[in-house]
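The values are calculated or read from the model by the stated rules, or taken from the named source; none is laboratory data. Source: prediction; values computed, not measured. Heads up, the Cβs are rebuilt from the backbone with ideal geometry, glycines too, and the neighbour counts pull from every protein chain shown. SASA here: full protein model, heavy atoms, side chains in, ligands and nucleic acids out. Shrake-Rupley method; radii C 1.70, N 1.55, O 1.52, S 1.80 Å.
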Amino acid sequence: GVTSSLSVANHKMTPPNVLGDAGQLHERLAACRSEPLRARVTASLKILDDALRVFGCDAVYASFNGGKDACVVLHLLRAARHAHREKTGAAAPPRAIYFDATDDFDVVRAFVRETCDQLANAGEVIVEPVAPDVGYVDGLTRLVETTRPRPLAFVLGTRTGDPNCGDQRPFEPSSDWMPPFMRVNPILDWSYGDVWAFLREFDLPYCALYDDGYTSLGSVASTNRNPALLDAASETYRPAYLLEDWARERAGRVEKPVKKK
C-alpha cells in the first residue's frame, strides 16, 4: 500500500474544518510529491471525470457521512468538478447528500453539517436535504423517484475488502433490491494507508474522532476505539493514521453495522 513520503510519526492535531479553494486543491493534487499517491489520485479523478461527463454534474451525488473515506471522495469530486468546468464550461455543481441519524456521534453529525454548509456557501455543491433518520434506502428511493427518468450517479467511498463490497467495479449498477442508480467507486483500490496519506498530505479536514483512537465510524452503539491504538504506558489512544496493521481497521467495531465511509 501507499505509505506516502510524509512522516506519520509526527502527530499533528486534526486540521481545522476549512476547505479552501477547489482550484488550488486540484493544483496541489497534480503536484503531489508522492508518485504512488499521485497515481492513485489521477486514476480516481479520471473515474469522477467520466461520471461528470456521462451523467452531468447535476446528476452526480456525493454520498457524505463524515467518515474518512467519504472525506476522500468528496475532496476528489471537488477537484474533478473544477477540472471538468475548466475543460467544458459546465457551470452546474454536483450534489451532496447525507443521511443524518440521531444514533450517530454528535461530533460526526456536526462535522457533516459544517462541511456541507461550507461547500454549499462556496457554490461547490448543492446539498440535497434528507430528514433525520429517514435511512439510506428510503432516502435514495425518494430521490430517484423525484428525478426519473434521468439516471443518477452516487459517488461512494467503498474500498475493496469493505463489508458488502463484493466484486464491485468503478461503475456498478445498484443492487436489484435498491432503486436504480449507478454507484461510482473512485477509490476501490485504495488502502487504509492511502486514505490517510491523502488526507494528511493535502492537510484536509476530517472528523476529530480519528485523532482519538477511532479508525472506523458507525453508530455510537456499534463503535469503540481501536484497541490496536492503545498506548498502554500512557493509557491513551494514538490517532487512526498511526495504525500499523491495516487489516485491523475495523477492530473497534461491534455488531455488524454498515461502515461509515
Checklist outcome for this item: The relative contact order of the chain, taking Cα pairs under 8 Å that sit 6 or more residues apart, comes to a percentage of 24
Checklist outcome for this item: Per the C-alpha gyration tensor (a ≥ b ≥ c, the square roots of its eigenvalues), region 97-245 is rounded if a/c is under 1.5, else prolate if a/b beats b/c, else oblate; here it's prolate
Checklist entry - Could you give the nm distance between label points at F171 and D203, where each point is 7 Å from its Cα heading toward the beta carbon? => result 3.7
Next on the checklist: Can you tell me how region 32-71 classifies by the Cα gyration tensor, rounded, prolate or oblate, using a/c under 1.5 as the rounded cut?
Outcome noted: oblate
Item to check | Theoretical ellipticity at 222 nm over the chain - DSSP helices of four or more residues, -39500 (n - 2.57) apiece, nearest 500 | outcome: -11000 deg cm²/dmol
Next on the checklist: Given R₀ = 45 Å, what would the calculated FRET efficiency be for Y136 paired with A233, taking r from the Cβ atoms and rounding to 0.05?
Outcome noted: 0.65
Checklist outcome for this item: For the chain, the Debye formula with one identical point scatterer on each Cα and no solvent gives log10 I(q)/I(0) at q = 0.13, 0.14 Å⁻¹ as -0.81, -0.96
Next on the checklist: Given points 7 Å out from each Cα along the Cα-Cβ axis, report the N164 to D103 separation in nanometres with one decimal.
Outcome noted: 1.4
Checklist entry - Tilt of helix 136-147 relative to the longest C-alpha principal axis of the chain, in degrees (0 to 90, nearest 10)? => result 20
Checklist outcome for this item: For the chain, the per residue accessible area (1.4 Å probe, Å²) is 46
Checklist entry - Where the centroid of each part is defined by its Cα atoms, how far is region 25-51 from region 174-220 in Å? => result 16
Checklist entry - What angle, in degrees between 0 and 90 and rounded to the nearest 10, separates the Cα long axis of helix 68-88 from the longest principal axis of the Cα atoms of the chain? => result 40
Checklist entry - By accessible area of protein heavy atoms, probe 1.4 Å, what ranking do V254, V60 get, highest first? => result V254, V60
Next on the checklist: Quick check on region 168-221: take the gyration tensor over C-alpha atoms, sort the square-rooted eigenvalues as a ≥ b ≥ c, and tell me if it's rounded (a/c under 1.5), prolate or oblate.
Outcome noted: oblate
Next on the checklist: Please compute the modelled spin-label separation between R53 and M178, points set 7 Å along Cα→Cβ, answer in nm with one decimal.
Outcome noted: 2.4
Checklist entry - Across 5 Å bins from the origin, how do the percents of Cα pairs in region 43-165 run, short distances first? => result 2, 11, 21, 23, 21, 15, 6, 1, 0
Next on the checklist: Taking 8 Å as the Cα distance limit and 6 or more residues as the minimum spacing, I'd like the relative contact order of region 141-244 as a percentage.
Outcome noted: 20
Checklist entry - Roughly what angle does helix 106-121 make with the longest principal axis of the chain, taking Cα atoms, 0 to 90 degrees, to the nearest 10? => result 40
Item to check | Accessible carbon and sulfur surface of the chain relative to its total accessible area, %, 1.4 Å | outcome: 52
